[in-house]
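A short reminder: the numbers here are calculations on the coordinates, not readings from a lab. Predicted model only: the values in this text are computed from it and were never measured. Here the Cβ positions follow ideal geometry from the backbone for every residue, glycine too, while neighbour counts run over all protein chains shown.
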Amino acid sequence: MLGNPIMSEPVYDVVIAGAGIVGAACAYACSREGLKVAVLERDFIGGGATAAGMGHVVVMDDSEAQFALTRYSQRLWQELASELPADCEYVRTGTLWVAADEEELIEVRRKHQFYSQRKVPSEILDSRSLDAAEPQLRTGLAGALFVKEDAVVYPPCVARYLLERSRDLGARVLLGKEVIRLDDEGAAFEDGTVMKGAVMVNAAGARAASLHPDLPIVPRKGHLLITERYPAFVHHQLIELGYLKSAHKSTADSVAFNVQPRKTGQLLIGSSRQYGMDSPEVDRSILSRMLARAGQYIPSLPGLSALRVWTGLRAATPDNLPLIGRCPGYRHVFAAAGHEGLGITTSLATARLLIDQLMSRAPAISSEPYSVQRNIAVHG
Ligand SMILES: Cc1cc2nc3c(=O)[nH]c(=O)nc-3n(C[C@H](O)[C@H](O)[C@H](O)COP(=O)(O)OP(=O)(O)OC[C@H]3O[C@@H](n4cnc5c(N)ncnc54)[C@H](O)[C@@H]3O)c2cc1C
């Protein structure tokens, strides 16, 4: 679509609405191709879900399409890691998917087989090995799957870094610029001005549908808590296998045990999901449920000091896959949104799939499952 960069009118090759991690990754991918990029952000860099998220870079296997995107992106994170500054806090912690009982161990074995067949390094831990790996977990848990290449990052700093690199390559990043319309002409602002581009990208996260109401994206609220510093309290990202059930529910509120060690020694504790909610207030009742759940896995957790609690909005789609590609009804408008709870992980692959479409190149993985025009099945 953009065989050669367009250096005269329209002014920009690519105009991106949204400076979260997805918009930032798209800006960097486009700038590296020599395209002239503008990023428009209503608030500040990474101020949406990107600052609210956990930063777990995780391979997932709900579907082949989800696996392909998360694994592809994880590899891109591994490449990027060597150039990231220290404040991006990339650490390969691995994930322990914790099985509470024999029934969940069956899922551990299934996941292990799935990953082994696809060359993702993982290992089954029995109850005793799990105790040794994470002494703070309650005794008597059945075991876990250790997925070795999963990592954690600090997402707002990565977004800032990707935009700094884009700026070095000539991109413009305009903050405090709310786009009120994004169409084939360009990005329009409240004052009636329009910034023109050859291609416009909607990377507005949970607000993407306010620019394009046909996008099937709704907010899904989540809470997180961060503690004071407790270095080496836990060593891996710890998630209960029940998390998968929670992430799939599309109606009721749900909580799951999900704890992440930060490089600072702090712990991030999640997670909750509330459908169709877009208010930022902390909901004390779901927060209590979330912490009670975490306390069932780590009995000493209630004795730790909390520093802060916040909420964020995931951009949920009916089939839990993002929307990457041309928006129906437009020639030059693309979406890069709808990443729900995996947008940190999949941001880099999203940007690659987008730039490959713009440059009419074959992508490394099929982009069909994420097409905006796909027939979207509701996840069970
Ligand atoms: C509690 C929680 C935990 C999470 N944990 C993880 C995790 O561990 N791993 C993982 O991979 N993902 C996680 N996620 C998901 C991840 O945070 C998101 O998928 C990701 O940040 C989405 O990035 P984005 O750039 O699409 O959206 P955002 O970060 O929301 O960015 C969109 C940007 O667009 C701007 N914008 C909106 N409308 C306009 C407009 N009209 N004009 C201009 N700008 C506009 C917003 O201000 C915002 O800055 C979590 C999310 C939450 C809420």
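From the P(r) of the stretch 212-330, can you give the percent of Cα pairs sitting at distances over 19 Å? Let's see the in-between values first.
Values: 3548 of 7021 pairs.
In whole percent, the long-distance tail amounts to 51.
If you project the alpha carbons of the stretch 188-246 onto their three principal axes, what span does each projection cover, largest first, in Å?
That works out to 53, 29, 21 Å along the principal axes.
Using the Cα centre of the chain as origin and beta-carbon charges of +1 (Lys, Arg) and -1 (Asp, Glu), tell me which of GLY329, THR70, SER166 is placed farthest towards the positive end of the dipole.
SER166
Among TRP310, TRP77, which comes first, then next, by fewest other beta-carbon atoms within 10 Å? Can you show the working numbers first?
Numbers: TRP310 13, TRP77 23.
Ascending Cβ contact count within 10 Å gives the list TRP310, TRP77.
Structure shown: which of LYS148/LYS263; LYS148/LYS221; LYS119/LYS263; LYS36/LYS196 lie over 19 Å apart, alpha-carbon to alpha-carbon? Intermediate values should be presented prior to the final figure.
Values: LYS148/LYS263 17 Å; LYS148/LYS221 29 Å; LYS119/LYS263 28 Å; LYS36/LYS196 12 Å.
In this structure, LYS148/LYS221; LYS119/LYS263 exceed 19 Å between Cα atoms.
Can you bin every Cα-Cα distance in the stretch 1-118 into 10 Å intervals starting at zero and give me the percent of pairs per bin, rounded to whole numbers?
Per 10 Å bin, starting at 0, the Cα pair percentages come out as 11, 29, 31, 19, 8, 2, 0.
Determine the calculated [θ] at 222 nm for the chain from helices alone, applying -39500 (n - 2.57) to every DSSP H run no shorter than 4 residues and normalising by the residue count; nearest 500 deg cm²/dmol.
Working: 10 runs with 111 residues, N = 380.
That calculation yields -9000 deg cm²/dmol at 222 nm.
To the nearest Å, what is the center-to-center distance of the stretch 309-380 and the stretch 153-228, using C-alpha atoms only?
14
Quick one: if you stick a label point 7 Å off each Cα along the C-beta vector at ALA188 and ALA362, how many nm between them?
4.1
When only alpha-carbon atoms are used, what values of Rg and Dmax, in angstrom, describe the stretch 287-380?
Answer for the stretch 287-380, Rg first and Dmax second: 18.7, 56 Å.
For each of MET359, MET54, count neighbouring Cβ atoms within 10 Å of the residue's Cβ, then give the residues from fewest to most. Let's see the in-between values first.
Numbers: MET359 15, MET54 23.
Ranking MET359, MET54 by Cβ neighbours within 10 Å, fewest first, gives MET359, MET54.
Based only on the alpha carbon positions, what is the Kirkwood hydrodynamic radius of the chain, in angstrom?
Values: mean 1/r = 0.0475 Å⁻¹.
Computed over Cα pairs of the chain, the Kirkwood hydrodynamic radius comes out at 21.1 Å.
Please arrange SER116, SER272 by how many other C-beta atoms lie within 10 Å of their C-beta, fewest to most. Working shown, then result.
Working: SER116 12, SER272 23.
Neighbour counts put them in this order, fewest first: SER116, SER272.
If I model a spin label as a point 7 Å beyond the Cα along the Cα-Cβ vector, how far apart are those points for ILE106 and GLN373 in nm?
According to this spin-label approximation, the distance is 4.2 nm.
Once both labels are modelled 7 Å past Cα along the beta-carbon direction, what's the HIS235-ALA306 spacing in nm?
2.9
Between ARG128 and LYS196, what length in nm is gained on full extension when 0.36 nm per residue of separation is reduced by their alpha carbon distance? Display every interim value, and only then the final one.
Values: separation 68, 0.36 × 68 = 24.48 nm, distance 6.11 nm.
Full extension from ARG128 to LYS196 adds 18.4 nm.
Can you tell me what the convex hull of the Cα atoms of the stretch 118-250 projects to on average, as an area in nm²? Working shown, then result.
Details: hull surface 54.0 nm².
The Cα convex hull of the stretch 118-250, projected and averaged over all directions, gives 13.5 nm².
For GLN296 and THR139, compute 0.36 nm times the residue count separating them, minus their Cα-Cα distance, and round to one decimal in nm. The partial results should precede the final answer.
Values: separation 157, 0.36 × 157 = 56.52 nm, distance 1.08 nm.
The GLN296-THR139 span can extend by a further 55.4 nm.
Send over the per residue convex hull volume for the stretch 90-150, Cα only, as a whole number of Å³. It would help to have the intermediate numbers written out before the result.
Details: hull volume 4.3 nm³, N = 61.
With only Cα atoms used, the stretch 90-150 gives 71 Å³ per residue.
Suppose we keep just the DSSP beta bridges with both residues in the chain; what percent of those would be antiparallel, to 5?
Numbers: 45 of 65 bridges.
In the chain, DSSP labels about 70 percent of beta bridges as antiparallel.
Can you give the charge dipole size of the chain about its Cα centre, rounded to the nearest 20 debye, using +1 on the beta carbon of Lys and Arg and -1 on the beta carbon of Asp and Glu?
On the way: 40 positive and 42 negative charges, 51 e Å.
Using only the charged Cβ atoms, the result is roughly 240 debye.
Strictly greater than 26 Å: what percent of every Cα pair in the stretch 34-182 meets that?
42
Rounded to two decimal places and with Rh computed the Kirkwood way over Cα pairs, what is Rg over Rh for the stretch 312-360?
On the way: Rg = 11.3 Å, Rh = 11.4 Å.
Looking at the stretch 312-360, the ratio lands at 0.99.
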